[in-house]
Amino acid sequence: MDLSITLSELEQLDNDQKVEALKSLRATYKVSDIRKGLGFPHNNAYYMWLKKHKIYDQVTKKYDLSIPLDNDRRSVHVPSLPIQEEIHLANGDIQLDVQGFASGVATSKMLQKYAALLSDQPQSVHIRISITSR
């Protein structure tokens with residue numbers, strides 16, 4: 001894949017220019033093509049690069065519910081939803097605990113974001129989901 005810009009050229013741009021360049025690429029290519037063209041081994045590496053440069057939200061237009069950059073433990077309050085998210089990342093292992101109440105639509109969108117996060121994980125994952133309608 002030969003993109004109009006290399007990763008080293010992209011990294012020399014300021015954040016606004018990076019966002020515009022990536023949006024321009026996104027108009028023509030799929031994310032998997034962009035990440036391959038920039039030399040990232042998998043989509044997660046590309047998304048983590050976006051987060052490192054603090055442009056994830058502008059490029060993806062998604063609320064970031066995925067793993068943090070550093071090994072840590074944190075709780076996140078999702079705006080407008082009574083949701084508590086705890087993320088544990090250590091030695092490459094991810095543990096994600098989500099509890100709270102949300103509409104079916106909001107829950108569906110949240111699960112889609114987690115599915116996108118996991119779609120590039122080569123190793124097996126153990127999941128436990130419990131959904132109760134009230």
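The values are calculated or read from the model by the stated rules, or taken from the named source; none is laboratory data. Bear in mind the structure is a predicted one, so any value in this text is a computation, not a measurement. Note that we place each Cβ from the backbone using ideal geometry, even for glycine, and neighbour counts take in every protein chain shown. SASA here: full protein model, heavy atoms, side chains in, ligands and nucleic acids out. Shrake-Rupley method; radii C 1.70, N 1.55, O 1.52, S 1.80 Å.
Here the gap between V125 and E9, fully extended at 0.36 nm per residue and compared with their Cα-Cα distance, gives a gain of 38.2 nm. Looking only at the stretch 1-34, which residues have a backbone nitrogen under 16 Å from a spot 7 Å from the Cα of K54 in the C-beta direction? Only 13-19 fall inside the zone, counting backbone N under 16 Å. Label sites at D33 and K113, each approximated as a point 7 angstrom past Cα along Cα to Cβ, lie 2.7 nm apart. With 0.36 nm allotted per residue and the present C-alpha distance subtracted, the Q17-E86 stretch has 21.5 nm of extension available.
In this structure K36 has an accessible area near 120 Å², from a 1.4 Å probe over the protein heavy atoms.
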